[in-house]
Every structure is written in C-alpha cells, then in structure tokens.
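Participant: Mind looking over this structure? Questions follow.
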Amino acid sequence: MYCEGLKSITIPNSVQKIGYYVFVGCESLTNVYYGGDELDKARIKVAEGNQNLLNAKWRYHTYEHKLVKENGVWYHYKDSKKSKDTTLVKHNGTWYYVKSGKVDFKAMTLVKYKGTWYYVKNGKKNTSTTLVKYNGTWYYVKNGKKSSSATLCKYNGKYYYVKSGKKNTATTIVKYNGKKYYVKKGIAQTKFSGKVKISGKTYTVKKGIVK
C-alpha cells in the first residue's frame with residue numbers, strides 16, 4: 001500500500017482475511033477502529049507484511065466516522081461514538097443525509113455542509129435543478145446546490161420566477177435562456193398571448209415570450 005500518511009483506518013467485523021503486504025509502508029498508522037471484539041480480531045487471517053497494522057492501537061466496537069447499521073437503523077458514528085449531528089456523511093461512495101445522528105431515507109430538504117447548502121432527496125445528496133421547500137420558504141437549487149440566481153425554474157410542469165435564490169411572486173419580465181418571459185404572480189405565462197402593461201411599459205407577448 002505504501003500509504004505513509006495513513007494514521008487511522010476503520011475495519012468492519014465482517015473482514016475475515018487481509019492479504020500479503022497490504023499495509024507495508026504505512027509507518028504512521030496508529031489507530032485501527034474495529035467493529036468487533038478481540039475474539040473477532042483473532043479470527044482474521046492476517047498475511048505476511050502487515051506488521052504496521054498489527055502494531056497499531058486496536059479500538060474495539062468503535063468507528064471513526066462512519067454509518068453503521070444496527071437493528072435496521074443506520075447510525076452516524078463520529079469519534080467512535082454515536083453522534084447527534086444533522087449533516088452529510090459519505091458511505092461507500094454515496095453521500096447520505098443524517099438527521100440527529102440517524103440516516104433519514106425519506107428526507108427531501110436542504111442541509112448545510114462545510115458552508116454550502118446541498119439538496120437532499122430520499123436521504124441522499126441529489127444534483128437536480130429544482131425548487132425545494134425548507135423551513136417554509138421555497139429555494140432555488142442548481143445542480144444540487146442552493147443558488148442565489150435570478151431566473152426561471154421548472155417545477156411540477158410550471159416555470160416559477162426565482163429572485164435572490166428564492167421563489168418570488170412578482171409580476172414582471174424575466175430573461176431565461178436568451179428569451180424574455182412574461183411572469184404573472186411568480187409564474188411564467190407560457191400559454192398567454194396578448195399585450196401586458198408592466199411598470200408603465202406595454203409588452204407584446206406570444207405564448208409567454210416577449211416579442
């Protein structure tokens with residue numbers, strides 16, 4: 001492996017064998033967070049060349065920063081203890097939404113993680129462009145992150161006006177994808193054709209697009 005910077009590793013108690021020279025060169029490895037006990041560890045077949053692993057401090061029934069399934073519920077472990085955090089946790093390549101220390105697979109919300117607000121759907125980080133209701137306010141999400149743009153956003157078959165990243169109910173003209181649209185009470189009037197007067201100026205509109 002030759003991972004000189006590796007200081008800790010998490011090993012689930014399902015591991016039964018560790019191959020030859022997996023941890024060779026890992027001189028900085030000091031902590032092993034192991035999901036089983038000493039008897040479970042004794043059953044692991046550790047091949048030659050893993051002395052760095054064996055010399056490290058083994059912490060039993062612990063997890064450094066992981067999601068662990070217990071009795072059908074996924075819990076977030078932080079610093080070897082169950083956390084009460086509401087956050088995002090990466091597990092097996094997927095980002096999951098944790099609410100008060102448990103994965104919430106039904107959640108559709110926003111969550112702040114390292115200074116950025118992310119969109120969560122069905123308990124996982126989602127990269128859609130959409131509107132999301134959070135604490136009573138509708139926010140605009142672009143590619144999975146909360147955005148402060150002024151634009152139109154398609155949601156449930158309608159185009160809604162967004163200003164400063166929030167759904168807005170103004171009647172106005174909005175530029176979107178190179179065209180100008182007539183918006184009435186926050187919704188683009190894509191079926192409307194005719195003339196409208198906004199802020200003293202008259203516009204000709206055809207199927208919602210200003211001519």
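Participant: Give the carbon-plus-sulfur fraction of the accessible surface of segment 142-211 in %, rounded to a whole number; probe 1.4 Å, heavy atoms of protein chains only.
Facilitator: Ligands and nucleic acids excluded, carbon and sulfur reach 44 percent.
Participant: So between Lys207 and Lys154, what do we pick up on full extension, going 0.36 nm a residue minus the alpha carbon distance?
Facilitator: Using 0.36 nm per residue and subtracting the Cα-Cα distance, I get 17.5 nm.
Participant: Using just the C-alpha positions of the chain as equal point scatterers, what log10 of I(q)/I(0) does the Debye formula give at each q in 0.08, 0.11, 0.14 1/Å?
Facilitator: -0.49, -0.69, -0.88
Participant: When the accessible area of segment 1-93 is split by element with a 1.4 Å probe, what percent falls to carbon and sulfur?
Facilitator: 47 percent
Participant: Please compute the volume of the convex hull spanned by the alpha-carbon atoms of segment 86-195 and report it per residue in Å³.
Facilitator: 111 Å³
Participant: Quote the FRET efficiency, to the nearest 0.05, computed for Ser199 versus Ser128 with a Förster distance R0 of 41 Å and r equal to the Cβ-Cβ distance.
Facilitator: Given R0 = 41 Å and the Cβ-Cβ separation, E is 0.75.
Participant: Scan around Asn13 for amide H atoms under 5 Å from its own, H built in the peptide plane at 1.01 Å from N, and keep only partners 5 or more places away or cross-chain.
Facilitator: When sequence neighbours closer than 5 places are left aside, the close amide H contacts are Gly35, Gly36.
Participant: Can you bin segment 32-113 into rounded, prolate or oblate? Criterion: square roots of the alpha carbon gyration tensor eigenvalues sorted a ≥ b ≥ c, rounded for a/c under 1.5, prolate for a/b above b/c, oblate for the rest.
Facilitator: prolate
Participant: Moving on. With every protein chain present, what is the per residue accessible area of the chain (1.4 Å probe, Å²)?
Facilitator: For the chain, the solvent-accessible area averages 63 Å² per residue.
Participant: R0 = 22 Å: FRET efficiency of Thr169 with Met108, Cβ-based, nearest 0.05?
Facilitator: That pair, Thr169 with Met108, gives E of 0.45.
Participant: Explain nothing, just compute: Karplus ³J(HN,Hα) = 6.51 cos²θ - 1.76 cosθ + 1.60, θ = phi - 60°, for every residue of segment 160-176 in order, whole Hz, x for Gly and Pro.
Facilitator: Values, residue by residue: 9, 7, 10, 9, 6, x, 10, 5, 10, 9, 6, 9, 6, 10, 10, 8, 8 Hz.
Participant: Of all DSSP beta bridges in segment 10-129, what percent run antiparallel (nearest 5)?
Facilitator: That works out to approximately 75 percent antiparallel.
The values are calculated or read from the model by the stated rules, or taken from the named source; none is laboratory data. These numbers were taken from a predicted model, which means no experiment stands behind them. Cβ coordinates were reconstructed from backbone atoms using ideal geometry, including for glycine residues, and neighbour counts include every protein chain displayed. Quick note on the areas: whole protein, heavy atoms, side chains included, nothing else; ligands and nucleic acids left out. Shrake-Rupley method; radii C 1.70, N 1.55, O 1.52, S 1.80 Å.
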